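I have placed the structure first, in the form of C-alpha cells, so that the comments after it can refer back to it.
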Amino acid sequence: MSDQSYLSLEKLTLAYGDSVAVADLDLSVRRGELIALLGPSGCGKTTTMRAIAGLLPVKSGNVILDGEDMTRTAPNKRAVGLVFQSYALFPHLSVYENVAFGLRLKGMKGAELDSKVQSGIASVGLAKFADRKPAELSGGQQQRVALARSMVMEPKVLLLDEPLSNLDARLRLEMRTELQRVQRETGVTMIFVTHDQAEALSLADRIVVMKNGAIEQIGTPEDIYNRPTSSFVADFVGFENIFALEGGGLKTDNGSVPLSVAPGLEAPSAAGLAWRPRMVTLGTGPFRGTVRGTSFAGHSREYLLDSALGPIKAEVDASEPVHVSGSDLSFDLPVHKAAQLSRIA
Amino acid sequence: MTARSLFVPTTLFLLATFLIGPFLIIVAASFSAGETLSFPPQGFSLQWILKVFTVESFRASFAMSMFLAIGGTAAALVLGIPASYALSRYRLPGAEIIRTIVSAPIIVPGIIVGLSLLRYVVVPFGVGITLALFLAHTALILPYAVRVVSASLDNLRSDIEEAAVLLGSSRLGAFFRVVMPNIKGGILSAFILGFVTSFNQVPVSLFLSGPGVRTLPIDMMAYMEIVFDPSVAALSSLLAFLSIGIVFAAERFLGFSRYV
C-alpha cells in the first residue's frame, strides 16, 4: 500500500438498475486526508459514498482500502464509518447505548466497553447526556452522537453525508471545528459529501467536483476556487462571465469578438476563459456596454451590462463612481486574470 | 339558549345514545332476576352472570375462540411483519396488487368469504373444522396486521438499518436489533386489533363451524335459539368489558390510536 492511495476507486461504475449513476470513476485518497465530494444533486456524489461504504453494489471497477480489495466485502466487514445526513440514531437506545452498539457487536464488554463509550461520548462534549434518548437532543447534539458512534469503531475511513447542511450558522462553525479536531487528533481519513462550495472550500484538503456521474476536477480548495478548468466548475465557484474561445476571440451569439491581449503576453490557447464579476474592469477597455441593472452590496456594487458579448456581470468597490442604469460605458475583461478553461460544457 | 346552540349537544347526545344505548340495555338485562331476556330487567341478581361459567359449551367455545384469536393473530403477524417490511422497504413489482390482495378479506363481505371457503376449500379438500377456522381467521386478521405494522414501519427511517450494518451488524441482525424494538408498539397494536377482530367474528365462523367445534359468538347464537334466558346478555356484557379493558390498556400503555 502506498501512502498516496490509502483508498482507491478504480474505474468505478455504479448503477441503479439500468441507469448508470457513476461511470468509470478513478480517485486516490491519501491516508489522513479530508476530501470533499462536491456537486449538485444527482451528480453521483452520494452514490459514490454509498459504494465506498458497501451499501450499494458495484457494477464494475474496484474499491481498494488499505491495500485490500473491498469491492465485494460486505458493509459490516469494511471498517468504514458513515455519519448520515439524518444522523440515523437508534431512537429506542440512549446516547450511551447508541455509542456502545458497534462495540458490543465486536464482543467488547465490561470496563473496557464502558471506558471506550464514556471517552467517546466525552470527546464530543456530551458526557452529561449519556442517558438521554436521541429525541431529547438537539440536531447538533444528535449529529455529535452519530460522529462519536462511528468514531469509537476506529474506522479506516469516515464518510459524512452533508455534515453541515442541516445546522444553523453558529452550529455549522462549531461542527466544522469539531470535524477538523477529530481529524487532527485521530488522523482518520475523511470523505464528506456536500452541494455547498463554501463548505467544501473551508473544510477539505482536496475537493473532488462531480457532475453527471463523473469527476469534473480534483484539486486543493485554492485550485478549485482560483483555477477552475471547466466551465461547469468555473460557474460553480462564481465565475459568472464564461466564454468559449473561437479563432482567438470570444465566442458570442453574434460571432467571434476579438480579444485584446496586452503587449508582451501570449494569446491564450485554452478552450475558454472565465472571469469573476470582481475581475471585470469598468470605465476603461475595448468593449462597450449599457448598464441594465445595478445593486448595492455593502462593500461593493454589482452591475449587469448588456454588450456585444452578451450579458456581463461586474462587481466594483462601492467607493468607485456610480454608473446609473441606462448609461453607456467601456469595460475590459483582462485576459491575464481569466481562468483558463480546458473544457466548455 | 338559541336553537343553534342546542343543535350540537343534542346531536351528540342522540349519537351517543344510538351507539351506546344497546350496550347499556344488554348490560342492564344481564343483571335481571327474571327467567327471560327482557328490558327493563325484572329485579336484580347475579345468577345469570354466574350461570355463564357453568355452561359446558360456552367453556369449550370460549377456549376455541381464544385459540383462534391468539393463534390466528400470531400467525397473521408471522406472515404480516415480513410482508409489511418488504412492502415498505423495497420497490417490489406488483406491490399494489399484493396490497390489494392482502386487504381483500376486509373488503369482501364475511358471509361471502365464509361461503366460498366452505364451498371451494373446506369441502373439496376435506379440511378439518379447526384447521379451516384457524386458516380463515388468520386470513381475516392479516390485513389488519399488515396495515398497522406498515404504518409503524413507515414512521421509522430506513437508514437506521444501514447505520446498524455499518457498525458491524448483519442485515437480519439489524432487523431484530433496531427495527423490531422500534415497531414494538405497532406489533402489539396489531395483535390487539387482530385479537378483537377474530374474537368478534361471526359470518365466516358461521359457515365453517361444525359439530362440536364452534366459536363463542356462534355458540351464543345457537344457545339463544334453544334457551331464551338472560345468560347470553350476561356473557355479552362480560365480553364487551373484556374488549374495552384490552383497548383501554393498549391506549394507556402503547398509544394504540397512533397506529390505527
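The values are calculated or read from the model by the stated rules, or taken from the named source; none is laboratory data. Values in this document were obtained by computation on a predicted structure and should not be read as measured data. Neighbour counts are summed over all protein chains in view; Cβ atoms, including those assigned to glycine, are modelled from backbone coordinates with ideal geometry.
Of note:
- Some residue of the range B:237-249 being part of a helix (DSSP H, G or I), touching a Phe, Trp or Tyr at 6+ places or on another chain (Cβ under 8 Å) and buried (at least 22 other Cβ atoms within 10 Å of the Cβ): no
- Among the candidates B:A83, B:A95, B:A60, residue that is surrounded by 15 or more Cβ atoms within 10 Å (Cβ to Cβ), among the aliphatic types (A, V, I, L, M) and closer than 27 Å to B:N182 by Cα: B:A83
- Residues that are among the polar types (S, T, N, Q), buried (at least 21 other Cβ atoms within 10 Å of the Cβ) and more than 14 Å from every other protein chain (Cβ to nearest Cβ) within the range A:138-149 are absent altogether.
- Of the criteria (1) within 12 Å of chain B (Cβ to nearest Cβ); (2) assigned to a loop (DSSP other than H, G, I, E, B); (3) crowded, with 18+ Cβ neighbours inside 10 Å, which one A:P163 fails: (1)
- Residue check, A:L93 in contact with a Gly (Cβ under 9 Å, 6 or more places away or on another chain), buried (at least 17 other Cβ atoms within 10 Å of the Cβ) and assigned to a loop (DSSP other than H, G, I, E, B): no
- Criterion (assigned to a strand (DSSP E or B) and surrounded by 17 or more Cβ atoms within 10 Å (Cβ to Cβ)) met by exactly one of A:I242, A:I224: A:I242
- Cβ separations smaller than 7 Å between residues 6+ apart or across chains give the following pairs from the range A:88-114 residues that are away from chain B (no Cβ under 11 Å) to residues that are among the β-branched types (V, I, T): A:V95/A:I121; A:V95/A:V145; A:Y96/A:V117; A:Y96/A:I121.
- Identity of the residue in the range A:17-34, surrounded by fewer than 24 Cβ atoms within 10 Å (Cβ to Cβ) and among the β-branched types (V, I, T), that ends up nearest to A:E162 (Cα to Cα): A:V29
- Residues within the range B:170-186 that are surrounded by fewer than 23 Cβ atoms within 10 Å (Cβ to Cβ) and either within 9 Å of chain A (Cβ to nearest Cβ) or within 30 Å of B:F58 (Cβ to Cβ) (or both), tallied: 8
- Check on A:A135, part of a helix (DSSP H, G or I), within 17 Å of B:L166 (Cα to Cα) and either more than 11 Å from chain B (Cβ to nearest Cβ) or not hydrophobic (A, V, I, L, M, F, W, C) (or both): no
- For the range A:196-208, the count of residues that are among the polar types (S, T, N, Q), modelled with pLDDT under 95 and assigned to a helix (DSSP H, G or I) is at least one.
- Of the residues A:E162, A:E216, A:E178, A:E154, the single one that is in contact (Cβ under 8 Å) with a residue 12 or more places away in the chain, in contact with a Gly (Cβ under 8 Å, 6 or more places away or on another chain) and of a type in the set (D, E) is A:E216.
- Verdict on A:I344 being within 34 Å of the chain's Cα centre (by Cα), at pLDDT below 90, closer than 27 Å to A:V233 by Cβ and hydrophobic (A, V, I, L, M, F, W, C): yes
- Residue within the range B:97-111 that is of a type in the set (S, T, N, Q) and over 14 Å from B:Y144 (Cα atoms) present: no
- The C-beta contact set for the range B:29-41 (first residue β-branched (V, I, T), second residue part of a loop (DSSP other than H, G, I, E, B), distance under 9 angstrom, 6+ apart or interchain) comprises B:T36/B:Q42; B:T36/B:F228; B:T36/B:D229; B:T36/B:P230.
- Residue check, B:R258 at pLDDT below 90, among the basic types (K, R) and surrounded by 15 or more Cβ atoms within 10 Å (Cβ to Cβ): no
- Options A:A74, A:A53; residue that is of a type in the set (A, V, I, L, M, F, W, C), within 14 Å of chain B (Cβ to nearest Cβ) and more than 21 Å from the chain's Cα centre (by Cα): A:A74
- Scanning the range B:196-208 for residues being within 9 Å of the chain's Cα centre (by Cα) and either without any contact (Cβ under 8 Å) to a residue 40 or more places away in the chain or surrounded by fewer than 22 Cβ atoms within 10 Å (Cβ to Cβ) (or both) gives a total of 3.
- Subset of the range B:145-163 [within 14 Å of chain A (Cβ to nearest Cβ) and assigned to a helix (DSSP H, G or I)]: B:S152, B:L153, B:D159, B:I160, B:E161, B:E162, B:A163
- Hits in the range B:2-47 - residues which are of a type in the set (A, V, I, L, M), over 17 Å from B:I244 (Cβ atoms) and within 31 Å of the chain's Cα centre (by Cα): B:L12, B:L14, B:L15, B:A29, B:L37, B:L46
- Single residue of A:L37, A:L82 found to be more than 12 Å from chain B (Cβ to nearest Cβ), under 24 Å from A:Q180 (Cβ atoms), buried (at least 23 other Cβ atoms within 10 Å of the Cβ) and at pLDDT 95 or above: A:L37
- Hits in the range B:153-176 - residues which are without any contact (Cβ under 8 Å) to a residue 24 or more places away in the chain and touching an Asp or Glu at 6+ places or on another chain (Cβ under 9 Å): B:S169, B:R171, B:A174
- Each residue in the range A:12-64 was checked for being among the charged types (D, E, K, R) and more than 24 Å from A:I224 (Cβ to Cβ), and 2 of them qualify.
- Here A:V124 passes the criteria (1) away from chain B (no Cβ under 14 Å); (2) in contact with a Phe, Trp or Tyr (Cβ under 9 Å, 6 or more places away or on another chain); (3) β-branched (V, I, T); (4) under 21 Å from A:E199 (Cα atoms) except the one numbered (2).
- Residue check, B:S189 farther than 30 Å from A:V83 by Cα, away from chain A (no Cβ under 14 Å) and at pLDDT 90 or above: no
- Residue list for the range B:214-228, filter: surrounded by fewer than 18 Cβ atoms within 10 Å (Cβ to Cβ) and not aromatic (F, W, Y): B:M221, B:A222, B:M224, B:E225, B:I226, B:V227
- Residue in the range A:282-305 that is in a loop (DSSP other than H, G, I, E, B) and in contact (Cβ under 8 Å) with a residue 40 or more places away in the chain present: no
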